[in-house]
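Asker: Structure incoming, see below.
Computed from the coordinates by the stated procedures, all read-outs in this text should not be read as laboratory data. It should be emphasised that the depicted structure is a prediction, and the values quoted were computed from it without experimental measurement. Cβ atoms come from the backbone with ideal geometry, glycine included; neighbour counts cover every protein chain shown.
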Amino acid sequence: MSGTTINLERAETSRLAQAKPFFQKYGLYVFLVLLILIAVSTSPQFLAPRNIQNLLTEGAPLGMAALGQTFVILTAGLDLSVGSLMSSVAVIATSIAPDNVMILPIFLIAIAFGALVGFVNGWLVTKRKVSPFLATLATMIVLQGLRFAWTKGAPLSGHLPPGFRVLGTGTLLSIPVNLWALGFLILVFAIVLYRTTYGRKLYLVGGNPRAAFLSGIHADRVIIAAYMICAVLASIAGLFLVGYVGSVDNWVGKGYELDSIAAVMMGGASFKGGKGGIFGSLAGVLVLIVIYNLVLLLGFPIQTQLVVKGLVIILAASFYLTRGD
Amino acid sequence: MAETVLQVKSVTKHFPGVVALNQVDFNNYAGEIHALVGENGAGKSTLIKVIAGAYQPDGGEIIFGGQKTVWDSPHQSREAGISVIYQEFNLFPDLTVAENIFMGNEPLKAFRLIDYPKMIKESDELLSKFGICIEPLKKVKDLSVAEQQMVEIAKGMCNQTKLFILDEPTAGISDQEAETLFERLAVLKAEGVSVIYISHRLGEIFQIADRVTVLKDGNLVDTFDTKAIDKNTLVSKMVGRDLEDIYPPKGGEAGGEALSIKSLSVGHLVKDVSFSLRQGEILGLAGLVGSRRTELAHGLFGSLPITAGSYKLGGREVSATNPQASIRSGLGFLTEDRKNEGLVLGQSIEANITMPILAQFANNSLVDFKREKNFCQQEMDKYAIVAKSGEVLVNNLSGGNQQKVLFSRWVQACGGVLILDEPTRGVDVGAKVEIYKIIRDLAESGLAILLISSELQEVVGMCDRVVVMKEGRLAGELENDQISEESIMHLATLSRENFVCD
């Protein structure tokens, strides 16, 4: 009887597909434009070059984190350790001699550290079959603990190499340095995702891990690599964040894990995997940072930011995202 | 004549582009077992769903218990006394048998608390009335498939069911369990309950059913008394054409040995299996559901561990421990579960075809999309895959076209030996004929094919040679004129009690 069932299901889906309104496909972009229109009409300062630059500079680390989070969510996983890793990398950077000569070594150490953390996450998820939520939650807590043990819980008294401030807040050809960096990373990882065999395998494994395995794809390796990409990008994001903030406490990356997940999900990904992409995720990031900016410009108390952010996520989810899609 | 419980009058149901049911008439008497047969896609499921209220008919009417009825939902038909037992049970695995039987119908005491002692006692009575020995406090997940089926029936009886609809109830259970089921159905029948029974196993239909209705392509062919029709006539009514038109002619020269298996064991599943397969040959691997044919294939393919024995591909010893190594050594495996183990439904035809051989379309890890696209276009033409372009998601293809995508994938990926596990499951007759032709052409081009199938007719029609498995072991081998549905069944069930031959 399954023949009939399949035919009927197909009929149902194609009817749905026809009825699926335009904004379910491009909903996020419509939403983003609407949000910007609201911002422009309620606050004249919004479009000021100075404000746009601030907004993007502030948003760049989230963009990097969301870029990495996209890879993990494509495998039907998620990475809760992103924020904790960012904080940890910031602490590491501050603990090394505050000399510009050290910038490159700091970057290399941070990337290696991120790769290690990502490997542990991916290993737990694939080889030990731990759920991604639990595995990365545990990593998050362990990193937090290590950080506390190292700093004794106090804000760090050390200093960053001065060059980091330039990375976080400086401009090159009147474009913020960290935006250049984000642009470069987007280019690299868009090629990885959309042009390489690895990117194709990532979508295949995310869409149906069993079928991918039975087609000779090493599903485990693909998933581990996704967690490593995510963690390395989080580490780089952590360095640019500490450069932007300038000082380090133990919580500098706090909230980035959930913000990046929210951005990726708003960008059309699915926790079932195999769906979504880099540009959707980046549009999701823009939505989040425009909201932040708007709350500031309108002079609302800073505390209302979270309320507005939550409401906007709810609105986006019910506006154009469909459940289980 | 007994009372008519259900009358379906010229019911029509359309889906976009498909007439699923075309003016179908059907009726069921009290105390009758009425079999419903037809090929995949004949409209059996749709008819059941219309009767049960899961679909609303576009035309015609349904009279149940003497009253014209329009169900808005399956819930209403259940309240009125129709129980459908699908292949996937509607039970809660973590609840007990008693809780499942009385689901939504629990005996209550003061403060709307559930009266557990009463519920358990009544469950026990209900079960023992049917001679079913199941402890009411057992959790449903700890029961066998056949026992769960019994719980479904008991649940239906608890809800005062007048009409039971069973959708392929014997597909997942042993013959012995099937016999028990038939005995219970006889009890229901004696109680005056009406049963609609869907099955592909014609033997059991002649054993238990009073009448049989044949559907084909959404149309009613006819309703017969089972005493007034024989099996061959029934088959030709179902298929609507002669068998010679379905299966391509056999023949072709078998070449050298392509696969030879020696005393292979896969855990406790497959024990000590040996056989060989030659180039250009279609070897059938037959057996009942649960005879571990699929597990043997997974062993060969490296997706289940081989625990003893060995096998050779093209004369070379293979020790593959994962699918990638097996593919490299020349093996292809088209799995039976297209949706879960075969396709990535949310991806394009192209991505699905090139899955195991993506590296061939890449330079330095960068995919050459143009080359991939051209290649897939050729493949789509070759296999007559109907779609606007290779970028269409496989989700949007019919079962037959999805299966052809998998053929394209595995013929490209395999280097000499192709295992096909139920390659025509869930595709319509037209696509079946195309797939049979593809399989025969592949064999003639020199590929060695191991065809696993539960459809005996298909095994008989397609295979040059057949090996039969039973409970994880090889039960025998058949060649040329020895191959018949009876001889295969004989080997597959040898020494089993309670098997009733056709």
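Asker: How compact and how long is the range A:61-278, expressed as Rg and Dmax of its alpha-carbon atoms in Å?
Answerer: Here Rg and the maximum Cα pair distance are 17.0, 54 Å.
Asker: In whole Å and largest first, what semi-axes does the C-alpha gyration tensor of the range B:285-350 yield when each eigenvalue is scaled by 5 and square-rooted? Write out the running numbers ahead of the final one.
Answerer: Working: eigenvalues 104, 61, 19 Å².
Result for the range B:285-350: semi-axes of 23, 17, 10 Å.
Asker: Connecting C-alpha atoms closer than 10 Å in a GNM of chain A, tell me which of A:Ser84, A:Ser270, A:Ser174 has the biggest fluctuation.
Answerer: Highest fluctuation of the listed residues: A:Ser174.
Asker: Another one. Output the peptides B:312-318, B:393-399, B:226-232 sorted from most to least packed, where packing is the average of other Cβ atoms within 10 Å over each peptide's residues. Numbers along the way, then the final one.
Answerer: Numbers: B:312-318: 14.4, B:393-399: 20.7, B:226-232: 11.9.
Descending packing order for the listed peptides: B:393-399, B:312-318, B:226-232.
Asker: Apply 1/(1 + (r/R0)^6) to the Cβ-Cβ distance of A:Val188 and B:Arg473, taking R0 = 51 Å, and write down the FRET efficiency to the nearest 0.05.
Answerer: Values: r = 55 Å, r/R0 = 1.08.
Efficiency, from the Cβ-Cβ distance: 0.40.
Asker: If you don't mind, there's one more thing I want to ask. With a ≥ b ≥ c taken as the square roots of the eigenvalues of the C-alpha gyration tensor of the range B:368-450, please select rounded if a/c is under 1.5 and otherwise prolate if a/b is larger than b/c or oblate if it is not?
Answerer: oblate
Asker: With r as the distance between the Cβ atoms of B:Val235 and B:Ala54 and R0 = 51 Å, compute the FRET efficiency 1/(1 + (r/R0)^6) and round to 0.05.
Answerer: In this case the efficiency is close to 0.95.
Asker: Explain nothing, just the number: relative contact order of the range B:279-321, from Cα pairs under 8 Å at least 6 residues apart, as a whole percent.
Answerer: Details: 22 pairs, mean separation 10.3, N = 43.
Relative contact order of the range B:279-321: 24 percent.
Asker: Going by how many other beta carbons lie within 10 Å of each one, how would you line up B:Arg371, B:Arg201, fewest first? Intermediate results must be reported in sequence, preceding the final value.
Answerer: Values: B:Arg371 14, B:Arg201 17.
Ordered by Cβ neighbours within 10 Å, fewest first: B:Arg371, B:Arg201.
Asker: Follow-up question, since we're still on this one. If I take R0 = 30 Å and measure r between the Cβ atoms of A:Leu47 and A:His159 in this structure, what FRET efficiency does the formula 1/(1 + (r/R0)^6) give, to the nearest 0.05? If you can, show how the numbers build up before the last one.
Answerer: Details: r = 36 Å, r/R0 = 1.21.
So, using R0 = 30 Å, E works out to roughly 0.25.
Asker: Rank these for me by crowding, A:Val142, B:Val427, A:Val312, going from fewest to most other beta carbons within 10 Å. Mind showing how you got there, number by number?
Answerer: On the way: A:Val142 15, B:Val427 26, A:Val312 20.
In order of increasing Cβ crowding within 10 Å: A:Val142, A:Val312, B:Val427.
Asker: Right, something else. Kirkwood Rh and Cα-based Rg: tell me the resulting Rg over Rh for the protein assembly as shown, rounded to two decimals.
Answerer: On the way: Rg = 31.5 Å, Rh = 30.6 Å.
Reported Rg/Rh (Cα atoms, Kirkwood Rh): 1.03.
Asker: Using mean Cβ contacts within 10 Å as the protection proxy, how do B:99-107, A:75-83, A:230-238 order, highest first?
Answerer: A:230-238, A:75-83, B:99-107
Asker: Output the 0 to 90 degree angle, nearest 10, between the alpha-carbon long axis of helix A:197-207 and the longest principal axis computed from the alpha carbons of chain A.
Answerer: Approximately 60 degrees, to the nearest 10.
Asker: Test of the criteria: in the range B:376-423, which trypsin sites (Lys or Arg not before Pro) are in a DSSP loop and have at most 16 other Cβ atoms within 10 angstrom of their Cβ?
Answerer: On the way: sites: B:Lys382, B:Lys388, B:Lys404, B:Arg409; in loops: B:Lys388.
Answer by residue number: B:Lys388.
Asker: Taking 2.2 N^0.38 Å as the expected size of a compact globular protein, what ratio does the Cα radius of gyration of chain B give against it, to two decimals? Provide the component values of the computation, followed by the final result.
Answerer: On the way: Rg = 24.8 Å, N = 502, 2.2 N^0.38 = 23.4 Å.
Relative to the 2.2 N^0.38 Å estimate, chain B comes out at 1.06.
Asker: How would you rank A:Arg50, B:Arg278, B:Arg338, A:Arg221, going from fewest to most other Cβ atoms within 10 Å of each one's own Cβ?
Answerer: Values: A:Arg50 8, B:Arg278 17, B:Arg338 25, A:Arg221 14.
Ordered from fewest to most neighbouring Cβ atoms within 10 Å, A:Arg50, B:Arg278, B:Arg338, A:Arg221 come out as A:Arg50, A:Arg221, B:Arg278, B:Arg338.
Asker: Let me ask something else about it. Kindly flag which residue pairs out of B:Lys216/B:Lys432; B:Lys9/B:Lys189; B:Lys271/B:Lys312; A:Lys152/A:Lys254; A:Lys127/B:Lys139; B:Lys13/B:Lys49 have an alpha-carbon separation exceeding 20 Å in this structure.
Answerer: Pairs exceeding 20 Å: B:Lys9/B:Lys189; A:Lys127/B:Lys139.
Asker: Using only the alpha-carbon atoms, how far is helix B:116-129 inclined from the longest principal axis of chain B? Give it as 0 to 90 degrees, nearest 10.
Answerer: 70 degrees
Asker: Using only the Cα atoms, what convex hull volume per residue in Å³ does the range B:265-310 have?
Answerer: Working: hull volume 3.8 nm³, N = 46.
Convex hull of Cα atoms, per residue: 82 Å³.
Asker: Give the share of C-alpha pairs in each 5 angstrom bin for the range B:341-413, from 0 to the last occupied bin, in whole percents, shortest bins first.
Answerer: With a bin width of 5 Å, the distribution comes to 3, 19, 32, 26, 14, 5, 1, 0.
Asker: Only Cα pairs under 8 Å and at least 6 apart count here; give the relative contact order of chain B as a rounded whole percent. Intermediate values should be presented prior to the final figure.
Answerer: On the way: 980 pairs, mean separation 77.5, N = 502.
Relative contact order of chain B: 15 percent.
Asker: Let me know the mean shielding of B:337-344 by other chains, meaning the per-residue number of their Cβ atoms within 10 Å of its Cβ.
Answerer: On the way: counts 3, 3, 4, 4, 6, 5, 4, 12.
Partner-chain Cβ atoms within 10 Å, mean over residues of B:337-344: 5.
Asker: Sum -39500 (n - 2.57) across every DSSP H segment of at least 4 residues in chain A, then divide by the residue count to get the 222 nm mean residue ellipticity, nearest 500. Intermediate values should be presented prior to the final figure.
Answerer: Numbers: 14 runs with 240 residues, N = 325.
That comes out to -25000 deg cm²/dmol.
Asker: Non-local amide H neighbours of B:Leu21 (under 5 Å, H modeled in plane, Pro and chain starts lacking H): which ones?
Answerer: Placed amide hydrogens put B:Lys13 under 5 Å from B:Leu21.
Asker: Roughly how crowded by other chains is peptide B:261-273, in terms of the mean Cβ count from those chains within 10 Å of each of its Cβ atoms? Walk me through the numbers before you get to the answer.
Answerer: Working: counts 0, 0, 0, 0, 0, 0, 0, 0, 0, 0, 0, 0, 0.
Per-residue shielding by partner chains comes out at 0.
Asker: I would also like to ask the following. By how many degrees, between 0 and 90 and to the nearest 10, does the Cα long axis of helix A:49-74 differ from the longest principal axis of chain A?
Answerer: Helix A:49-74 sits at roughly 50 degrees to that axis.
Asker: Also, I was wondering about something else. Kindly rank B:211-223, A:85-97, B:127-139 from highest to lowest mean number of other beta carbons found within 10 Å of each residue.
Answerer: Listed from highest to lowest mean packing, they are A:85-97, B:211-223, B:127-139.
Asker: Once the Cα gyration tensor of the range B:4-244 is diagonalised, what are the square roots of 5 times its eigenvalues, in whole Å and ordered largest first, as equivalent ellipsoid semi-axes? Can you show the working numbers first?
Answerer: On the way: eigenvalues 208, 89, 46 Å².
Semi-axis lengths for the range B:4-244 are 32, 21, 15 Å.
Asker: Ignore the peptide's own chain and count Cβ atoms of other chains within 10 Å of each Cβ in A:199-210; give me the average, rounded.
Answerer: Details: counts 3, 10, 3, 0, 5, 8, 1, 3, 7, 11, 1, 7.
What the average comes to for A:199-210 is 5.
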